[in-house]
Amino acid sequence: MFRIFLVEDELNLSQILTSYLQKEGWEVQPFNDGESALQAIAERPHLWILDIMLPDIDGYQLLRRIKEESPDVPVIFISARDADIDRIMGLEMGSDDYLAKPFLPRELVIRTRRVLERVYNKSAEAGNPLINIGPYVLDEGRREIRKDQEIIELTSKEYDLALYFAKHKGQALSREQIINWVWGEDYVGTDRSVDDLVRRLRKKLPDLRIETIYGYGYRMIAR
């Protein structure tokens with residue numbers, strides 16, 4: 001059973017969303033303020049659903065703390081503020097999906113299911129759980145990347161991108177292909193998200209040889 005932490009200060013909306021999510025068979029823990037959610041980060045749920053507009057703690061601050069302590073745990077970000085700014089900032093900080101208020105509860109259920117399937121089914125489908133990419137070892141079972149036995153902290157999407165490159169060494173991958181793998185086919189963002197994600201991956205894994213194919217996408221050169 002997947003365990004979901006829902007952070008939403010509107011009590012009525014929180015109750016409605018909790019009910020919809022529980023009907024899917026998921027265990028849901030609601031939080032109505034940022035401080036109580038902050039204290040629960042160490043419990044590491046399978047997924048966070050996080051509203052940015054909280055009465056006590058800025059949602060960006062909470063998202064940053066979640067990703068610092070649990071970079072591989074996915075986060076769905078929701079907000080009623082400026083949609084474009086919040087979406088870009090949330091994705092750049094490591095969120096896995098974004099919903100702008102108002103939205104239908106069923107849409108959140110669908111997006112939640114897709115994030116859970118995308119993140120956790122990839123681990124379960126691993127035939128050979130260890131993949132060597134340059135000096136790094138990618139462990140599909142643990143969703144970890146190590147170098148000389150030291151774990152390198154990656155966000156969920158950074159890991160997914162590294163996995164995609166590892167499974168397609170030497171192949172030219174278009175931005176559209178990367179979007180479909182990392183974010184899903186229903187993603188409505190822009191190519192900028194791909195470029196930002198590649199930039200972050202290059203910074204954290206500097207020994208990877210990721211080539212830019214201008215006007216098309218990227219390719220990881222096998223070593």
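The values are calculated or read from the model by the stated rules, or taken from the named source; none is laboratory data. If you're wondering where the values come from, they're calculated on a predicted model, not measured in any experiment. All Cβ positions, even for glycine, are placed from backbone atoms using ideal geometry, and neighbour counts span all protein chains on display. To get the accessible areas, we keep the full protein, side chains included, count just its heavy atoms, and leave off ligands, DNA and RNA. Shrake-Rupley method; radii C 1.70, N 1.55, O 1.52, S 1.80 Å.
Matching residues to (1) touching a residue at least 24 places away in the same chain (Cβ under 8 Å); (2) loosely packed, with under 15 Cβ neighbours inside 10 Å; (3) farther than 28 Å from LEU99 by Cα; (4) of a type in the set (Asp, Glu):
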position: GLU158; (1), (2), (3), (4): yes, no, no, yes
position: ARG175; (1), (2), (3), (4): yes, no, no, no
position: ILE178; (1), (2), (3), (4): yes, no, no, no
position: TRP181; (1), (2), (3), (4): no, no, no, no
position: ILE213; (1), (2), (3), (4): yes, yes, yes, no
position: GLY217; (1), (2), (3), (4): yes, no, no, no
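In segment 11-69, the residue that is nearest to the chain's Cα centre (by Cα) out of those that are of a type in the set (Gly, Ala, Ser) and surrounded by 13 or more Cβ atoms within 10 Å (Cβ to Cβ) is GLY59. Given the condition open to solvent by 20 Å² or more (accessible area, probe 1.4 Å) and either free of Cβ contacts under 8 Å to residues at least 12 places away in the same chain or in contact with a Gly (Cβ under 7 Å, 6 or more places away or on another chain) (or both), answer yes or no: does some residue in segment 160-168 qualify? No, there is no match, as no residue in segment 160-168 is open to solvent by 20 Å² or more (accessible area, probe 1.4 Å) and either free of Cβ contacts under 8 Å to residues at least 12 places away in the same chain or in contact with a Gly (Cβ under 7 Å, 6 or more places away or on another chain) (or both).
Yes/no matrix, rows are residues, columns are (1) in contact with a strand residue (DSSP E or B) (Cβ under 7 Å, 6 or more places away or on another chain); (2) over 24 Å from VAL119 (Cβ atoms); (3) at pLDDT below 90:
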| site | (1), (2), (3) |
| --- | --- |
| VAL7 | yes, no, no |
| SER19 | no, no, no |
| GLN22 | yes, no, no |
| PHE31 | yes, no, no |
| LEU50 | yes, no, no |
| MET53 | yes, yes, yes |
| ASP56 | no, yes, yes |
| GLY59 | yes, no, yes |
| LYS67 | no, no, yes |
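If I ask for residues that are open to solvent by less than 50 Å² (accessible area, probe 1.4 Å), at pLDDT below 85 and not in a strand (DSSP E or B), which ones from segment 124-155 would you list? Across segment 124-155, the qualifying residues are ALA126, GLY134, GLU140, ARG143.
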